[in-house]
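Written out below as C-alpha cells is the structure these notes cover.
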Amino acid sequence: MAQLTSDNPILQLEDVRQRYPNGHVGLDGVSFDVATSEVVAIVGPSGCGKSTLLRCVNGLETIAGGSIRLDGQVITGPGVRWELIRQRVGMVFQEYELFPHLDVLGNLLLGPLKVAKEERTEATARALGLLERVGLADRADAWPRQLSGGQKQRVAIIRCLMMRPELLLLDEITASLDPEMVREVLDVVAGLAADGMTMLIVTHEMSFARAVADRVLFMDAGRVIETASPERFFNQPATDRARQFLAMFRFDGPPQRGGAPS
Amino acid sequence: MVNSGLEVLFEGRNFIRLLAGLWTSLRIALAAFGLSAVFGLPFGLLLASKHRVVKFILRAYLRFIWIMPQLVLLFVAYFYASSALGLNLSGQAAAVIVFTAWGAAELSDLVRGAVTSVPRHQYESAQALGLTANQVQRLVVLPQSARRLLPQAVNLVTRMIKTTSLIVLIGVVEVLKVAQQIIDANRFSHPDAALWVYGTVFVLYFAACYPISRLAKHLEKKWPN
Ligand SMILES: Nc1ncnc2c1ncn2[C@@H]1O[C@H](COP(=O)(O)OP(=O)(O)O)[C@@H](O)[C@H]1O
Ligand SMILES: [Mg+2]
C-alpha cells in the first residue's frame, strides 16, 4: 500500500514493532506520518493494537523495533526522558481518570505547577478559560465524584491542553460514556480539530471519524492495512477486512449473522 | 442499702484507680500503635513493591501473626522471654512488644491494600502529564493511598485498645484488673459492686473508643472511595 507522506510531519512512525512481556505481538511493523494540524482517526476491530499504538507514542509501552520521531527527533532510543516528551504529547484515556483527591482546578493545575513550573495565577486564569470553553465554567471547585462521565472527560481533555501539547492522543474517550454524553465530548474534540490541534484519535464513532478526520488508518492484527481519506475509506474501502469491519456498524433490517462492534 | 454498688465507685480512690487503669490500657495501645506505624508503613510499601524475597518473608510474618491468637503471643513474650531468654520483661513491655508485632502486621497489610488499590490508569494519566516517577508517587499515589488508609488505621487503634483487655492475663494492672481488685476488696461489704464497677469499665472503654471510631467514620465520609 502506498504510504501517504506529509510535507511537514510532526510525528513519524517507521516500522514500529511492539511485543508484550507474555510474547503477544502488539504492533507488527507500523509506519505512517502525521502532519502538523492533521487529525488522524485510527479504527479497527477490538484487540487490533490501537491502544498499543498510542501507548507507544507516549512511552507507556516500549517498542521492540523501528523508530518514532517527534518533530524529527527520535524519541524511542535509549535514555529518552519520557517525562519531557509527554509534556509535548497529551493523552486521554477511555477511563475517567481524573485524580479523585484533587478538585477540578487541582486536576488542571497539577501538570502546569509541578511539571511546567508555571506561575499559579497565570495557570489558574488559563484553566478557568479552558473550563469556560468546554462549558464547565462553574465547576472549577467541584470534585471529580460530583461530575458526570461526560464532564469528567471534558476536564480530562483540557487537563491535557493545560500542558500545551503539540500532539494529542485520544484513546476511545467516549467508549465508557452513556450515549447522551458522547456528543458533548465529541463537540470539544471537533472544536480542537477546527483550531488546528494535531490529533491521533482512536474511536468507534464512525460518523465522528468521518466528520473530523483528515485521514483514516485501518488497523488489523497489529498492522495498518489501509490508509485513506475518510470519504474514500467509508465509501469504498480497499480491503475486504475493512469492508467486513464497516459492515458491523450498519444495521440493515432483520438479524443476520455477525455482531455489533465490541 | 439501695445504691451500695455505686458507693463503692466513689469510695476512697477507687474511681481514680479505674481511670489510671484505663490510662495504662490506652498508653500501651497508643505506644504499640506508634511503633506499629514505624514498622508497618515501610513493611506495607515493601509488600506493594516488586521485591520478591522481601515480600515472601513479610508475608510469612503476616501469616504467622494472624494464625497466632494474641493471647498466645502475650504468654510467649512474657513467660518465655523471661525464663528462656533471661530477659526480665515487665508485663507492660511484653504487651507493647506483642501489640507492636500484631499492629505492624495489620497496618502493613492496610498500607499494601491502600497502595495497590490505586488503579493503574491513575499512574498512567499522571505519567501522561509529564510527571516523573517520583512525582507520580508523591503527588498522586500517596495522597490517594493515605485517604484510603487513614480511616482504617484509626479503626485499628480502637481494635488495639479493646484487645489490651487481654493483658490482664499476664499480670498487667490495667482497667479490668483494677475493676477486679475493687470488686474483690468489697466482696463482702458490697456484694453487688460487680455490676456497677464493670458497668463503669464499659462506659470508660466506650468513652475512649467512640470518639476514635467517629473520627474514622468522619474521615471515610470526607474522602469517599
Ligand atoms: N499488557 C498486555 N499484555 C499482553 N497482551 C496485551 C496487553 N495489553 C494488550 N494486549 C493484547 O494486545 C492486543 C492489542 O491490544 P490493544 O492495543 O489494547 O487493542 P485495541 O486497543 O485495538 O482494542 C490485544 O490482543 C490485547 O489482548
Ligand atoms: Mg483499546
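Looking across B:Leu150, B:Leu195, B:Leu110, one residue alone is assigned to a helix (DSSP H, G or I), touching a residue at least 60 places away in the same chain (Cβ under 8 Å), under 19 Å from the mean Cα position of the chain (by Cα) and surrounded by fewer than 20 Cβ atoms within 10 Å (Cβ to Cβ). It is B:Leu150. A search for C-beta distances below 9 Å between a residue of segment A:77-106 that is under 15 Å from A:Trp143 (Cβ atoms) and any residue that is acidic (Asp, Glu), counting only pairs 6+ apart in sequence or on different chains, returns A:Glu97/B:Glu124; A:Asp103/A:Asp141; A:Val104/A:Asp141; A:Leu105/A:Asp141.
Could you say which residue among B:Ala133, B:Ala126, B:Ala104 is small (Gly, Ala, Ser), under 19 Å from the mean Cα position of the chain (by Cα) and either surrounded by 20 or more Cβ atoms within 10 Å (Cβ to Cβ) or within 26 Å of B:Leu47 (Cα to Cα) (or both)? Answer to the check: B:Ala104.
Within segment A:145-156, the set of residues being within 14 Å of chain B (Cβ to nearest Cβ) and either buried (at least 21 other Cβ atoms within 10 Å of the Cβ) or within 16 Å of ligand 1 (Cβ to nearest atom) (or both) comprises A:Lys152, A:Gln153, A:Val155, A:Ala156. Restrict the check to segment A:43-64 and report whether at least one residue is of a type outside the set (S, T, N, Q), more than 13 Å from chain B (Cβ to nearest Cβ) and away from ligand 2 (no atom under 16 Å from the Cβ). Checked against the condition, which is being of a type outside the set (S, T, N, Q), more than 13 Å from chain B (Cβ to nearest Cβ) and away from ligand 2 (no atom under 16 Å from the Cβ), segment A:43-64 yields at least one hit.
Would you be able to tell me the number of residues in segment A:14-34 that are out of contact with any strand residue (DSSP E or B) (no Cβ under 6 Å at 6 or more places or on another chain) and more than 8 Å from ligand 1 (Cβ to nearest atom)?
Step one: list which residues in segment A:14-34 are out of contact with any strand residue (DSSP E or B) (no Cβ under 6 Å at 6 or more places or on another chain), which gives A:21-24.
Retained after the next criterion (residues that are more than 8 Å from ligand 1 (Cβ to nearest atom)): A:23.
Qualifying residue count for the region: 1.
Once segment A:1-21 is narrowed to residues that are at pLDDT 95 or above and polar (S, T, N, Q), the residue that is nearest to ligand 2 (Cβ to nearest atom) is A:Gln18. Find the helices (runs of 4 or more DSSP H) located wholly in segment B:1-103 whose residues include 3 or more that are in contact with a His (Cβ under 9 Å, 6 or more places away or on another chain), and list them. Passing ranges, in order: B:4-10. Within segment A:164-213, being within 16 Å of ligand 2 (Cβ to nearest atom) and either within 14 Å of chain B (Cβ to nearest Cβ) or touching a Cys at 6+ places or on another chain (Cβ under 8 Å) (or both) holds for A:Leu169, A:Leu170, A:Asp171, A:Glu172, A:Ile173, A:Ala175, A:Ser176, A:Leu200. Residues in segment B:127-147 that are in a helix (DSSP H, G or I) and either within 7 Å of chain A (Cβ to nearest Cβ) or at pLDDT below 90 (or both): B:Gln127, B:Ala128, B:Gln135, B:Leu139, B:Val140, B:Pro143, B:Gln144, B:Arg147.
For beta carbons closer than 6 Å, sequence separation of 6+ or different chains, a first residue in segment A:40-52 that is in contact (Cβ under 8 Å) with a residue 12 or more places away in the chain and a second that is near ligand 2 (Cβ under 8 Å from one of its atoms) and hydrophobic (A, V, I, L, M, F, W, C), the qualifying pairs are A:Ile42/A:Val202; A:Lys50/A:Val202. Could you please let me know if A:Leu84 is away from ligand 2 (no atom under 16 Å from the Cβ), out of contact with any Asp or Glu (no Cβ under 8 Å at 6 or more places or on another chain) and aliphatic (A, V, I, L, M)? Spelling it out, A:Leu84 is indeed away from ligand 2 (no atom under 16 Å from the Cβ), out of contact with any Asp or Glu (no Cβ under 8 Å at 6 or more places or on another chain) and aliphatic (A, V, I, L, M).
Among the residues of segment B:70-83, the one identified as more than 11 Å from B:Leu166 (Cα to Cα) and either touching a strand residue (DSSP E or B) at 6+ places or on another chain (Cβ under 6 Å) or exposed (fewer than 12 other Cβ atoms within 10 Å of the Cβ) (or both) is B:Ser83. Here A:Glu83 does not fit the description of being in a loop (DSSP other than H, G, I, E, B) and of a type in the set (Asp, Glu). Out of all the residues in segment A:3-14, is one or more in contact with a helix residue (DSSP H, G or I) (Cβ under 7 Å, 6 or more places away or on another chain), polar (S, T, N, Q), more than 15 Å from A:Pro165 (Cα to Cα) and buried (at least 17 other Cβ atoms within 10 Å of the Cβ)? No, there is no match, as no residue in segment A:3-14 is in contact with a helix residue (DSSP H, G or I) (Cβ under 7 Å, 6 or more places away or on another chain), polar (S, T, N, Q), more than 15 Å from A:Pro165 (Cα to Cα) and buried (at least 17 other Cβ atoms within 10 Å of the Cβ).
Within segment A:200-224, track down each residue that is within 13 Å of ligand 1 (Cβ to nearest atom) and in a strand (DSSP E or B).
Answer for segment A:200-224, where residues must be within 13 Å of ligand 1 (Cβ to nearest atom) and in a strand (DSSP E or B): A:Leu200, A:Ile201, A:Val202, A:Leu217, A:Phe218, A:Met219, A:Asp220, A:Arg223, A:Val224.
The values are calculated or read from the model by the stated rules, or taken from the named source; none is laboratory data. Keep in mind that what you see is a predicted model, and the values were worked out from it rather than measured. Backbone-built Cβ (ideal geometry, glycine too); neighbour counts: all protein chains shown.
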